[in-house]
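First up is the structure itself, then whatever we jot down about it.
The values are calculated or read from the model by the stated rules, or taken from the named source; none is laboratory data. Values in this document were obtained by computation on a predicted structure and should not be read as measured data. With ideal geometry, Cβ positions are generated from the backbone for all residues, glycine too; neighbour counts draw on all protein chains shown. When the accessible area is computed, the model is the full protein with side chains, heavy atoms only, and any ligands, DNA or RNA have been set aside. Shrake-Rupley method; radii C 1.70, N 1.55, O 1.52, S 1.80 Å.
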Amino acid sequence: GKLLMQGHLIYDQQPDIMGIQEAYQNLDAADIIDNLASLKTRNMPYNVLSPTINYSGGGQYGNGLISHYKLNNVETFPRYSGGYEKRILQRAVVYIDGKAVSIYNTHFSYNSAAIRKQQFEQVIEIMDADPNKYKILTGDFNAGFDEFSVFRDYTVVNTEDTTYYDYAKNEIDYSALDNIIVSKNIQVVNSRIIITSFSDHFPVFAYLVLN
């Protein structure tokens with residue numbers, strides 16, 4: 001039920017690209033479970049799961065991308081996790097109006113800021129070395145607003161200065177856990193958070209323009 005309702009919520013927002021964390025697939029089970037397929041829309045037919053955990057019954061758990069654009073050159077980068085749950089950085093390339101855009105997706109450790117500091121540094125190092133001019137990073141960062149100050153050469157969408165409102169025009173008090181970071185050549189026209197009971201996180205959406 002909740003997955004179906006999540007699918008309806010996403011369809012209503014009409015995104016072109018989504019980064020999903022804590023996605024699960026079991027394509028071998030009699031009752032196939034595929035979180036990404038349940039969240040796909042007619043506008044976003046492409047998806048890929050990059051697993052961090054492989055279960056003995058055939059199931060996989062990890063980070064997922066869903067996209068309107070074909071996902072090319074999909075790869076994953078292992079990241080330091082301090083001996084806790086395995087963490088990765090997922091990457092794919094999409095072509096928008098002939099422009100190559102690198103899409104990144106990740107899920108940081110909640111265990112300590114010291115571990116996240118290394119994860120932030122690793123991600124920035126990989127993104128800085130990426131030859132594609134346009135870069136978008138989505139993730140559940142489990143971090144506070146101050147931890148995003150390391151993205152000096154990027155634009156952070158969800159900051160302490162970003163104000164969100166619900167449909168009743170009440171301000172939404174929201175953390176930086178879930179965020180979108182883009183290269184400086186991408187304009188952030190606006191962003192929004194959707195309050196929902198269908199997940200333990202509220203999804204963050206941003207309207208972006210490639211300059």
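Numbers at a glance
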item	result
Boolean, ASP161 is without any contact (Cβ under 8 Å) to a residue 24 or more places away in the chain and in a helix (DSSP H, G or I)	no
Where GLU22 falls short, out of the listed (1) open to solvent by 40 Å² or more (accessible area, probe 1.4 Å); (2) modelled with pLDDT under 90; (3) charged (D, E, K, R)	(2)
Looking only at the stretch 112-127, and only at residues there that are open to solvent by 30 Å² or more (accessible area, probe 1.4 Å) and of a type in the set (A, V, I, L, M, F, W, C), the one that is nearest to the chain's Cα centre (by Cα)	ILE126
Near pairs, Cβ below 9 angstrom, 6+ apart or cross-chain, from the stretch 12-31 (part of a helix (DSSP H, G or I)) to any residue that is open to solvent by less than 70 Å² (accessible area, probe 1.4 Å)	ASP12/ILE194; GLN13/ILE194; GLN13/PRO203; GLN13/PHE205
Residue check, ARG116 at negative phi, touching a His at 6+ places or on another chain (Cβ under 8 Å) and touching a residue at least 24 places away in the same chain (Cβ under 8 Å)	no
Criterion: within 12 Å of the chain's Cα centre (by Cα) and of a type in the set (Lys, Arg) - qualifying residue of ARG79, ARG91, ARG87	ARG91
Matching residues in the stretch 89-111 - criterion: being within 20 Å of ASN179 (Cα to Cα), at pLDDT 95 or above and open to solvent by 10 Å² or more (accessible area, probe 1.4 Å)	ARG91, HIS107
Filter result for the condition that a residue is closer than 28 Å to ILE193 by Cβ and either of a type outside the set (Asp, Glu) or buried (at least 17 other Cβ atoms within 10 Å of the Cβ) (or both), over TYR55, TYR61	TYR61
Selection within the stretch 25-52 - under 23 Å from PHE108 (Cα atoms) and either open to solvent by 60 Å² or more (accessible area, probe 1.4 Å) or among the small types (Gly, Ala, Ser) (or both)	SER50
Residue selected from the stretch 148-181 under the condition surrounded by fewer than 17 Cβ atoms within 10 Å (Cβ to Cβ) and charged (D, E, K, R), by the criterion modelled with the lowest pLDDT	ASP173
Hey, VAL74 at pLDDT 95 or above and either buried (at least 17 other Cβ atoms within 10 Å of the Cβ) or small (Gly, Ala, Ser) (or both) or not	no
Looking only at the stretch 190-202, and only at residues there that are at pLDDT 75 or above and open to solvent by 70 Å² or more (accessible area, probe 1.4 Å), the one that is farthest from the chain's Cα centre (by Cα)	ASN190
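Residues checked against (1) part of a loop (DSSP other than H, G, I, E, B); (2) over 29 Å from LEU9 (Cβ atoms):
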| site | (1), (2) |
| --- | --- |
| SER50 | no, no |
| GLY62 | no, no |
| TYR84 | yes, yes |
| ILE88 | no, no |
| TYR110 | yes, no |
| ARG116 | no, no |
| GLN119 | no, no |
| ILE136 | no, no |
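Per-residue answers, yes or no, for (1) polar (S, T, N, Q); (2) out of contact with any Ser or Thr (no Cβ under 9 Å at 6 or more places or on another chain):
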| residue | (1), (2) |
| --- | --- |
| TYR24 | no, yes |
| ASP28 | no, yes |
| ASP31 | no, yes |
| ASN35 | yes, yes |
| LEU49 | no, yes |
| ILE53 | no, yes |
| GLY62 | no, no |
